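For reference, the structure is listed below as structure tokens.
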Amino acid sequence: MTINDLRGVLKGRVLLPDDDGFAQASTAWNLTVRQPVAAVAEAADADDVAALVRYARRAGMTVTAQPSGHGASGDVDGLILLRTGLLNKVEVRAQERTVRVGAGAKWGQLLAAAGPLGLTGLSGSAPGVSVTGYTLGGGVGWFSRKHGLAADSVRAIDIVDADGQPNRVTAESDPDLFWALRGGGGDYAMVTALELDLHPAPALYGGRVIWPEHRTREVYDAFLEITAEAPRELSVWINRLQPPGAPPMVTLDLAYLGEAAQAQDLLTRLDKIDGAISDTRGLVPVADLGTIAAEPTAPAPSITRAELLTGLDTDAVELLLDKPVAPLINVQIRHLGGALAEPGGGAGASGAVTEPYLLGMVGLGLPHAADATRAKQAELVADLGAYVSGRKPYTLLSPGETAAMSFSGDTLARLREIKRARDPHNVFRANYPVLG
């Protein structure tokens, strides 16, 4: 059996390294990541996924799934890259407050379907990210302070197991696998669809306020005051931005699950800061949630690093503001807490996120800037010292990092046990495998 035999197995397109279109089809979202895969398989449906898994099992090969290419690690040499973008159906069941999404559906699709019904999923900041990949890794987003991780809203999971057999997994039918897939990544089975709880969103207020750099201290002071007392319905993120070719600036991104008047009362502190360059705050359709943080909508070369912070006080702010942002593009702090720190008894592998803040750093991944970007990120982490917990959200791991950075020792041991039991021949490989 050779890789060429794969063409006769699937209804969908199969691309090999010598084929036209292979380079584009195998490209990750982050253009600094190279993916030297043996083939790209574009599944036409769930039956194609099962057929591919059976082929890989017989051929002694490994499959890695990337609906949109986000979160790629580059650790895919010789693997089959499965694209599930055609499995993108979204079915909202408004009366049940649930949604069924195919493995290739993106958050923008889900929000567009749920929003007009006064409902929302627990989306992150970018509408182009796949619901499945984000949720399998836990999923820390705009409404996590109110409703927890996206993984905690999973009701059922359609999978193909390591023998190529379809199955439906719930807390009752297979508690171990159900636990592992909710936050432990995709190392244990190939997911073809998810069923998720939706949450009420009759009104959503949000937007971005931008100030020039010289207002940074005032904006940080306001951020500390607001987040110290913020209700769970309110999420606020602060950014020190250094866009290429533009002056540095500071922004606050915010989303509030509620009416405008309530949000405005909570955010009066911002109105005391003069000189705003732009202020887009207002009622936001749920479908437009992804516009708040203004993240890139096309692939680009970048180098990212994320760290969870044990706290944020005036001393930590001094460390954050002591040096210029450059050569980074953005240094972001997200306020966490709330429901994230208090998972229910049915929580998945992600567990609680007890750290109250998340630090994100982004820089250009171009050859001339890569070394300086990584050095700046390392310098900032070193400066913050004990404020950095050392743990990272699984969905925010970066190339060169490992799953062990995201889980406690006991959790990682349990995930590895499930991996060995469910996939002893290593048919599946997540972006960041638990046995890596």
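The values are calculated or read from the model by the stated rules, or taken from the named source; none is laboratory data. The structure presented is a predicted model; accordingly, all values stated were derived computationally and were not measured. In this analysis, Cβ positions are derived from the backbone assuming ideal geometry, glycine residues included, and neighbour counts consider all displayed protein chains.
Return the total of residues in region 22-45 being touching a strand residue (DSSP E or B) at 6+ places or on another chain (Cβ under 6 Å) and without any contact (Cβ under 8 Å) to a residue 40 or more places away in the chain. Going through region 22-45 one residue at a time, the tally reaches 1.
The number of residues in region 231-254 that are touching a helix residue (DSSP H, G or I) at 6+ places or on another chain (Cβ under 7 Å), of a type in the set (A, V, I, L, M, F, W, C) and farther than 18 Å from Ile273 by Cα comes to 1.
Out of region 112-141, which residues are within 25 Å of Leu397 (Cα to Cα) and of a type in the set (A, V, I, L, M, F, W, C)?
Narrowing region 112-141 to residues within 25 Å of Leu397 (Cα to Cα): 121-141.
Within region 112-141, Leu122, Ala126, Val129, Val131, Leu136, Val140 meet the criteria.
From the list Asp18, Asp48, Asp5, the one residue that fits, being in a helix (DSSP H, G or I), of a type in the set (Asp, Glu) and free of Cβ contacts under 8 Å to residues at least 40 places away in the same chain, is Asp48. Within region 333-356, the set of residues being surrounded by fewer than 21 Cβ atoms within 10 Å (Cβ to Cβ) and outside any loop (DSSP other than H, G, I, E, B) comprises Ala339, Ala341.
Yes/no per residue for (1) modelled with pLDDT under 95; (2) outside the structural domain of Glu295 (by TED's automatic domain parsing); (3) not basic (Lys, Arg):
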residue	(1), (2), (3)
Gly338	no, no, yes
Pro343	yes, no, yes
Gly346	yes, no, yes
Leu359	no, no, yes
Ala404	no, yes, yes
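Here the condition is being basic (Lys, Arg), within 22 Å of Leu136 (Cβ to Cβ) and touching a strand residue (DSSP E or B) at 6+ places or on another chain (Cβ under 6 Å); of Arg7, Arg83, Arg57, Arg13, it holds for Arg83 alone. Restricting Val317, Val362 to those that are touching a Lys or Arg at 6+ places or on another chain (Cβ under 9 Å), touching a residue at least 12 places away in the same chain (Cβ under 8 Å), under 18 Å from Val250 (Cα atoms) and surrounded by fewer than 20 Cβ atoms within 10 Å (Cβ to Cβ) reduces the list to Val317. You will find that of Ala193, Ala260, Ala246, Ala255, the residue that is touching an Asp or Glu at 6+ places or on another chain (Cβ under 7 Å) and of a type in the set (A, V, I, L, M) is Ala193 and no other.
Looking across region 84-104, the residues that are buried (at least 22 other Cβ atoms within 10 Å of the Cβ) and within 28 Å of Thr62 (Cβ to Cβ) come down to Thr84, Leu87, Val101, Gly102, Ala103, Gly104. Within region 51-65, the set of residues being small (Gly, Ala, Ser) and in a loop (DSSP other than H, G, I, E, B) comprises Gly60 only.
For region 272-295, the set of residues classified as assigned to a loop (DSSP other than H, G, I, E, B) and touching a residue at least 60 places away in the same chain (Cβ under 8 Å) consists of Ile273, Gly275, Ala276, Ile277, Thr280, Arg281, Val284, Pro285, Ile292, Ala293, Ala294, Glu295, listed by residue number.
Within region 84-104, can one find any residue that is under 16 Å from the mean Cα position of the chain (by Cα) and not in a loop (DSSP other than H, G, I, E, B)? No, region 84-104 contains no residue that is under 16 Å from the mean Cα position of the chain (by Cα) and not in a loop (DSSP other than H, G, I, E, B). Just one of the listed residues (Leu321, Leu309, Leu270, Leu266) is in contact with an Asp or Glu (Cβ under 8 Å, 6 or more places away or on another chain) and under 22 Å from Leu224 (Cα atoms), and it is Leu309.
Per-residue answers, yes or no, for (1) out of contact with any strand residue (DSSP E or B) (no Cβ under 7 Å at 6 or more places or on another chain); (2) over 26 Å from Ser408 (Cβ atoms); (3) surrounded by 15 or more Cβ atoms within 10 Å (Cβ to Cβ):
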| site | (1), (2), (3) |
| --- | --- |
| Glu172 | yes, no, no |
| Pro175 | yes, no, no |
| Leu181 | no, no, yes |
| Thr216 | no, yes, yes |
| Leu224 | yes, yes, yes |
| Leu234 | no, yes, yes |
| Ile238 | no, yes, yes |
| Gln242 | no, yes, yes |
| Thr251 | no, yes, yes |
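So is Ser123 among the hydroxyl-bearing types (Ser, Thr, Tyr), buried (at least 24 other Cβ atoms within 10 Å of the Cβ) and part of a loop (DSSP other than H, G, I, E, B) or not? Taking the combined requirement at face value, the residue satisfies it.
Only residues that are out of contact with any Asp or Glu (no Cβ under 7 Å at 6 or more places or on another chain) and part of a loop (DSSP other than H, G, I, E, B) were counted in region 21-45, giving 15. Working only within region 397-417, note down all residues that are buried (at least 22 other Cβ atoms within 10 Å of the Cβ) and not in a loop (DSSP other than H, G, I, E, B). Selection gives Ala403, Leu415.
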